[in-house]
Amino acid sequence: MRMIAMSVLLSLYAATALAAGPSCKATATEKKLAGAALTSFMTKCQKDAQASWDTAAQEKKLYGADKNSFTKKCVRDATGA
């Protein structure tokens, strides 16, 4: 039971951090990433955002088109796309 509660708290923290922090694109620009480093960073950032927002959608009990719309918008905002 503690493990479930801990994972829920961590996922909420991650979702909040992604929403509140700078976008992936802004962070990459700040770090002056280019080429393969930029591609790798953006891919990882997008995957992390997708996983985080999928969890948030599940916690909000969103399914189907609502889940897809919510997740797509949040990932787009988090990545700066």
ask   = Are any of the residues in segment 4-12 modelled with pLDDT of 70 or more and either open to solvent by 90 Å² or more (accessible area, probe 1.4 Å) or part of a helix (DSSP H, G or I) (or both)?
value = no
note = When segment 66-79 is checked residue by residue, the ones that are over 11 Å from the mean Cα position of the chain (by Cα) and either open to solvent by 80 Å² or more (accessible area, probe 1.4 Å) or of a type outside the set (A, V, I, L, M, F, W, C) (or both) are D66, K67, N68, S69
key: Residues of segment 22-65 satisfying the condition of being aromatic (F, W, Y) and either in contact (Cβ under 8 Å) with a residue 24 or more places away in the chain or part of a loop (DSSP other than H, G, I, E, B) (or both)   = W53, Y63
ask   = How many residues are among the aliphatic types (A, V, I, L, M) and modelled with pLDDT of 90 or more when one looks only at segment 63-81?
value = 1
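The values are calculated or read from the model by the stated rules, or taken from the named source; none is laboratory data. Everything numeric here is computed off the predicted structure, so don't read it as measured data. Here the Cβ is made from the backbone with ideal geometry for all residues, glycine too, and neighbour counts use every protein chain on show. Accessible surface areas use protein heavy atoms only, side chains included; no ligands, DNA or RNA. Shrake-Rupley method; radii C 1.70, N 1.55, O 1.52, S 1.80 Å.
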